[in-house]
Amino acid sequence: MTLSINDVKQVAHLAYIKVSEEEAEAALSQLSGIFKLIESMQAVDTSHVEPMSHSQNLVQRLRDDRITESDQRDLCQSIAPQVENGLYLVPKVIE
Amino acid sequence: MQWEIVIGLEVHTQLSTQSKIFSGASTAYGALPNTQASFVDLALPGVLPVLNRGAVERAIKFGLAVNATINSPSIFARKNYFYPDLPKGYQISQYERPIVEGGSIAIQVGETEKTIRLTRAHLEEDAGKSLHEDFHGMSGIDLNRAGTPLLEIVSEPDLRSSAEAVAYAKTLHALVRWIGICDGNMQEGSFRCDANVSVRPRGQEKYGTRCEIKNLNSFRFLEKAIDFEVERQIEILEEGGSIRQETRLFDANKGETRTMRTKEDANDYRYFPDPDLLPVEIAPDWIEQLRVSLPELPQARRERYVTEYGLSGYDAAVLTSSREMADYFEAAAKQLPERVKLCANWIMGDISARLNRDGLDIGECPVGPAHVAQLINRIQDGTISGKAAKTVFESLWQGEQGQDVDAIIEAKGLKQMSDNSALEKLIDDVLAANAQQVADYRGGKEKAFNALVGQVMKAAQGKANPAQVNAMLKEKLG
């Protein structure tokens, strides 16, 4: 798979990262290197291997359905840039 | 051109756990903003999600209730997008190996039963709420809802009309409440529908281009939004245009759908397995344990009402629309095994109408099933007329006479005249006073007979049994 400069810009857009032309070019060459690496790995036949969903061979532990957290709004909001009526204020976003 | 409508629904049900899916914060509705948003819900650095057993359990129960496959292991994935009501920058959801896969739900449309296949049902966390009112040009964020467990239930495109879509949504709504995994409160957003709608020329196999209508939070809106969308698409196609795949919003005030975003700028969610969560193994004995804990399901009861009680498919569907309704009906029917149809009619008719008037659920009905059974008995044995029964019912509703049916009948003087001699005297008086009509009837005017019945009923102040009056009059005039 070859990556284009537009792919890089699209991913940057989705990730809300502002990139300049030079940065995009640099990212393109680095990412292309990674893709080459992936390509060479794909030469290995993995058709008989079950894909892993996690690097550790462990199983998820579950917790009981109990309320263990208390209200810590004041503490949490003490580090927020702006709050009002208990709400966190953020730059307006309307889709 | 004949068009066929194709609909698939995605329903977000909020699971009725005490705490959130990945944190120990409360899920109670209506708390002050951000008082139920823990470090995990706020996505503070270094925190890790720990999965709530109660959420997994409810998802498994649902899977069992719809005869689906329970996937083990099941895995969680990150769905990446940026929005301030989701502070992590991704939503924890499921992509590959959702907890529930396949299954089906039978719906009743009129007298026809239809099976709707399910694609999957997966666990995910809800996002917070953004308030766009005036905060000096900024948005206010409440993260109380962030992390609330949701089960997203996705159907196959098996629905062919808005009526079927509503029937499916109602059946699903009844089911999740029936098995106790969701409170079903639509005003509070515990049950929200998205509809995928497309049309195709009848007989064509390939699906048309679909539009997704988001966030329909009432059955009425679901129906209206689909009807509008179908009209819109057919109009475009018949004018030679083509449908653009897009996400649309339903404007309830205007009764129309409008573009929210098109496919070109559709989100690319870049799903990948969440490294913070390990695969969930679901042991067969856990599944078995949950299977035996399930109550008799609405579908099974519906079939039983048809075979055991001889009710129509439609009646059986109405009576199983909630567990409370079905339990009420069965409690009444058990006392009147010979009069099951009459019990059903009373519950679907007078009782439902009265409940509606006060905005109550059947679970809150002030008149219990035993009293209803007793009331029906009194109609059957001829003590009171059907009309008087309505009066008695209202008295029961108001709690008069300690809700004693017989005491109410007595106190209100509603007993029908069963004493033949008293009725006979009444009839004789009426016949004597209406010689003209008697002559008319004898002269062949059938209508005159009904007038005479009316006169007798009036003289008896409604307390005579109409069937008895009919019979005695016929005899006297015969």
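The values are calculated or read from the model by the stated rules, or taken from the named source; none is laboratory data. Here the structure is a predicted model, which is why all the values come from computation and not from measurement. In this analysis, Cβ positions are derived from the backbone assuming ideal geometry, glycine residues included, and neighbour counts consider all displayed protein chains.
Of everything in the range B:148-196, what is within 17 Å of the chain's Cα centre (by Cα) and small (Gly, Ala, Ser)? Give them in sequence order.
If the condition is that a residue be within 17 Å of the chain's Cα centre (by Cα) and small (Gly, Ala, Ser), then B:SER162, B:ALA163, B:ALA165, B:ALA167, B:ALA169, B:ALA174, B:GLY180, B:GLY184, B:GLY189, B:SER190 are the ones that fit.
I'm told B:LEU222 meets every condition in (1) part of a strand (DSSP E or B); (2) in contact (Cβ under 8 Å) with a residue 60 or more places away in the chain; (3) of a type in the set (A, V, I, L, M); (4) touching a Leu at 6+ places or on another chain (Cβ under 9 Å) except one. Can you identify the failing condition by its number?
(1)
Collect the residues in the range A:78-95 that are facing chain B (nearest Cβ under 7 Å) and within 27 Å of B:LEU48 (Cβ to Cβ), keeping them in residue-number order.
If the condition is that a residue be facing chain B (nearest Cβ under 7 Å) and within 27 Å of B:LEU48 (Cβ to Cβ), then A:GLY86, A:LEU87, A:TYR88, A:VAL90 are the ones that fit.
Between a first residue in the range B:330-359 that is under 12 Å from B:ASP315 (Cβ atoms) and a second residue that is at pLDDT 90 or above and not in a helix (DSSP H, G or I), which pairs have beta carbons less than 9 Å apart while being 6 or more apart in sequence or on different chains?
That search, which allows pairs on different chains as well, returns B:VAL340/B:GLY310; B:VAL340/B:LEU311; B:LYS341/B:GLY310; B:LYS341/B:LEU311; B:ALA344/B:LEU311.
Enumerate the pairs (first residue in the range A:37-54 and in contact (Cβ under 8 Å) with a residue 24 or more places away in the chain; second residue anywhere and loosely packed, with under 10 Cβ neighbours inside 10 Å) with beta-carbon separation below 8 Å, excluding pairs fewer than 6 apart on the same chain, so at least 6 apart or on different chains.
What qualifies is A:GLU39/A:MET1.
In the range B:5-22, which residues are outside any strand (DSSP E or B) and either farther than 17 Å from B:GLY180 by Cβ or within 21 Å of the chain's Cα centre (by Cα) (or both)? Working first, answer last.
As a first pass, look at the range B:5-22 and keep what is outside any strand (DSSP E or B): B:15-18, B:20-22.
Across the range B:5-22, the qualifying residues are B:LEU15, B:SER16, B:LYS20, B:ILE21, B:PHE22.
Only one of (1) of a type in the set (Ser, Thr, Tyr); (2) within 32 Å of the chain's Cα centre (by Cα); (3) within 14 Å of another protein chain (Cβ to nearest Cβ) fails for B:TYR269. Which number is that?
(2)
Of the numbered conditions (1) farther than 27 Å from B:ASN67 by Cβ; (2) among the hydroxyl-bearing types (Ser, Thr, Tyr); (3) not assigned by TED's automatic domain parsing to the domain that holds B:ALA55, B:SER322 satisfies every one except a single condition; which is it?
(1)
Residue-by-condition table, conditions (1) surrounded by 15 or more Cβ atoms within 10 Å (Cβ to Cβ); (2) touching a Leu at 6+ places or on another chain (Cβ under 7 Å); (3) not polar (S, T, N, Q):
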position: A:THR2; (1), (2), (3): no, no, no
position: A:VAL8; (1), (2), (3): yes, yes, yes
position: A:TYR16; (1), (2), (3): no, no, yes
position: A:ALA26; (1), (2), (3): no, no, yes
position: A:LEU37; (1), (2), (3): no, no, yes
position: A:MET52; (1), (2), (3): no, no, yes
position: A:ARG66; (1), (2), (3): no, no, yes
position: A:GLN72; (1), (2), (3): yes, no, no
position: A:GLY86; (1), (2), (3): yes, yes, yes
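For the range B:44-54, give me each residue that is surrounded by 16 or more Cβ atoms within 10 Å (Cβ to Cβ) and more than 7 Å from chain A (Cβ to nearest Cβ).
Correct list: B:VAL47, B:PRO49.
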